[in-house]
Amino acid sequence: MKLHAVWTGILYVFDLLTLSPERSKPLPETPLPAVPVSNVPTPASEIPHKFYDDDLTDASPTDLPLIPVPRREGAFNCTYPRMRGFENCHGPGNRGCWLRHQRTKKEYNIETDYDDVDKVPRGIVREYWLQIADMPISPDGVTMEHGKVFNRTYPGPWIEACWGDTIKVHVTNKLRFNGTSIHFHGIRMLHNVQNDGVNGVTQCPIAPGDTYTYEFHASQYGSSWYHSHYSLQYGDGAVGPITIHGPATADFDSNEAFKPLLLTDWNHRSVFEDWPNMLDTGSVPEMTNILLNGIGQFGPSSRNTPEKYNITFNKGHAHFMRVINTAVDTTFIFTIDNHTLQVIEADFVPIEPYNTSNILVGIGQRYHVLVHRDPETTDENYWIRSIPARKCSKFYCGPDEQMGIVRYNESNMKNPITEPFLFGASCADEPYPSLKPKVKWTVKPPANKDVTNEEITNGEPKFDITDKNYEFDVSLHNIGGAPYFPSKNLSRWDIHLAPFRINFSEPTILNLSRTDYPKHLSVVTADARKDQWIWLVISAPSGIPSDGGRRFIPAAHPMHLHGHDFALLRQSENSWLKEREHIKLDCSNESVIKCQNPPRRDVALLPAKGYIIIAFKADNPGAWLIHCHIAFHASSGLVMQVIENKHRIRKHFWGEKKKEAERVCKNWDNWFSDSLNHWEFHNPDHFQDDSGV
């Protein structure tokens, strides 16, 4: 199998290198001519990869702990050569346990505080190779000419690792007219900001022909996705799933775990074709279709139309599913007819299990669920439904919500005749009280609101935090002029001082001596001790007068923070302007602001007209984005960057790490300086007409 994987990798590398570009119409990029990919799911075993232990001469001791990962297809084992004396305790009937010491009985389990990296098991190194290239794709039977995909598959290959592993991903850019950078969504990147994958902030883009290696420690566990963070690029197909295997808060059988299920919206044109209309109107374009793991149907059936996505369940078992929203605009409600979903994880946070008939999944959010068939039902086939949430989606016409089929009898290929549950389709996160983290946090009052001029102890410099702005509101901003392109006044989203716009060649972490940040970099500084908490209030106001060209539009936004899980202290549909005079930003009233084990995650839905109060511990120095995960809103400028403890970043970003970042920037500058590399080579000023992220 490994030889086959290497040979497959050689074949597609040779194929990509021998293709030639061909221009057709004025787009910012164009695909290389190739046979369209309909849907070619790639097992992890067929991704070019290498697994090894980098600390031991003998990487295969006879007594190493080995954990067979629960999965329906193929085999994947978690191994811990450096954990001598420990044994596997993970299995049916005890999914909460992971490793147990044979003599002392010490455990790594669902109660382990994974936020403390010293308490995480020590795994091995898992190394993967990805190439991103232009390629037409046909996920629903209609070819989208301008696809951009990883390893010639859509969605991209499933990257797998185990709790405590180190993951290395070598990314080679084979695109013709685009740079790229890859973000591993939700990964904490502790003391590792240079691997967060945000061009213009944590790195320069990877130039066409160049390779960059992302490396990070898997201290968290659960499922997520990796995607391009270069402009709107991921909307053309540059996404893939990632799973870090670990313990769970409920039990299930080993052969009833399925690969991640990616929900997305889809168009038959490039997102870059839709972008000019977004600039002119401020309105997200209408989507055409829904895909389930890269499979959809459009129009009358034909030989080119894929069959609906289907999976087979076994009677009398709980089935483990990983649900991920990778859309560019749509929040989905996920449900399976006549089945109960037992939710056991939200984003990378294990939670106390709760039951529901459906889950609302915002863009970037993930849920681990156990699926149980309702005992009174006897059908053999059931619809899997992905329903666009009301006021959090926009389609040209109502898409088919019956996106997949659960079969209990593989020989029965009839379509289901089941009916959906009755539930509301409003755009609201999962119930706040339901999201109870298994590993509890106690949040402290906000450091950025304290009034102090005192010297910080333990060698930290003196700073005054009385002027820290901790309230932000989302708006549409009619603004033009440099650095925006086109320079005329257009509608751009913002959240802080001005619509966000980066310079690809000047990433924040290579310009740490800077103090005069222009408004369009939307910088918020957060300086505090690593045991202190930064609180942010983000609101989506409406019904108030325009403010300096800003218009306040009632819209919901899935807000994502890089570099941290955040505590969701309050999530309200009420107006912050009306409530702010009555709410103290502290922990004095648990019924108003929840500081004792609040829900936590890395994406939360900001309610239309409402607000969220979030908090994170100032323990990860870096430049971290917080942005709306509606791709068009982020590209429009609904982004800010939190520069956290800038004076500590250099402690972890120097030497070879900094040299590598500078090398990537030099290659990017060399590529960019040749206007023939630009799509509009005759108009070199028109290269970046969005935020860049």
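Residue by residue, here is whether (1) touching a strand residue (DSSP E or B) at 6+ places or on another chain (Cβ under 9 Å); (2) within 17 Å of L435 (Cβ to Cβ); (3) surrounded by fewer than 21 Cβ atoms within 10 Å (Cβ to Cβ); (4) polar (S, T, N, Q) holds:
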residue: E581; (1), (2), (3), (4): no, no, yes, no
residue: C587; (1), (2), (3), (4): yes, no, yes, no
residue: C595; (1), (2), (3), (4): yes, yes, yes, no
residue: P599; (1), (2), (3), (4): yes, yes, no, no
residue: P607; (1), (2), (3), (4): yes, yes, no, no
residue: I614; (1), (2), (3), (4): yes, yes, no, no
* Does G296 count as at positive phi and not assigned by TED's automatic domain parsing to the domain that holds T112? -> no
* Structure fact -> Within segment 154-199, residues being of a type outside the set (K, R) and under 18 Å from the mean Cα position of the chain (by Cα) number 29
* Structure fact -> Residue count, segment 388-415, condition among the aliphatic types (A, V, I, L, M) and at pLDDT 95 or above, comes to 3
* Identity of the residue in segment 471-495, touching a helix residue (DSSP H, G or I) at 6+ places or on another chain (Cβ under 8 Å) and at pLDDT 85 or above, that ends up farthest from L625 (Cα to Cα) -> L490
* If you check L341 against the conditions, is it among the aliphatic types (A, V, I, L, M), at pLDDT 95 or above, closer than 30 Å to Y128 by Cβ and assigned to a strand (DSSP E or B)? -> no
* Residue list for segment 630-651, filter: closer than 28 Å to T330 by Cα and either surrounded by fewer than 24 Cβ atoms within 10 Å (Cβ to Cβ) or of a type in the set (G, A, S) (or both) -> A631, A634, S635, S636, G637, M640, V642
* Tally of residues being aromatic (F, W, Y) and touching a residue at least 12 places away in the same chain (Cβ under 8 Å) across segment 679-693 -> 2
* Structure fact -> Output for Cβ contacts, cut-off 6 Å, separation at least six or different chains, first residue in the same structural domain as P48 (by TED's automatic domain parsing) in segment 139-159, second in a loop (DSSP other than H, G, I, E, B) and among the polar types (S, T, N, Q), reads P139/N39; D140/Q297; G141/N304; G141/T305; H146/S270; T153/T42; P157/T42; P157/N151
* Asked: Across segment 522-575, which residue is farthest from V642 (Cα to Cα) among those that are in contact with a helix residue (DSSP H, G or I) (Cβ under 8 Å, 6 or more places away or on another chain) and not in a strand (DSSP E or B)?
  -> I544
* Asked: When the residues of segment 277-321 are filtered to those that are in contact (Cβ under 8 Å) with a residue 60 or more places away in the chain and acidic (D, E), which remaining residue is farthest from N267 (Cα to Cα)?
  -> D280
* **The listed residue being part of a loop (DSSP other than H, G, I, E, B), out of contact with any Lys or Arg (no Cβ under 7 Å at 6 or more places or on another chain) and crowded, with 19+ Cβ neighbours inside 10 Å, out of R84, R71, R103** => R71
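A quick yes/no check of all residues on (1) in a helix (DSSP H, G or I); (2) touching a helix residue (DSSP H, G or I) at 6+ places or on another chain (Cβ under 6 Å):
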| residue | (1), (2) |
| --- | --- |
| I649 | yes, no |
| W654 | no, no |
| K659 | yes, no |
| C665 | yes, no |
| N670 | yes, no |
| L676 | yes, no |
| F681 | no, yes |
| P684 | no, yes |
| D689 | no, no |
* Considering every residue within segment 299-320, establish whether at least one is under 19 Å from the mean Cα position of the chain (by Cα) and among the aliphatic types (A, V, I, L, M). => no
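The values are calculated or read from the model by the stated rules, or taken from the named source; none is laboratory data. Predicted model, so just to flag it, every value in this text is computed and none were measured. Cβ atoms come from the backbone with ideal geometry, glycine included; neighbour counts cover every protein chain shown.
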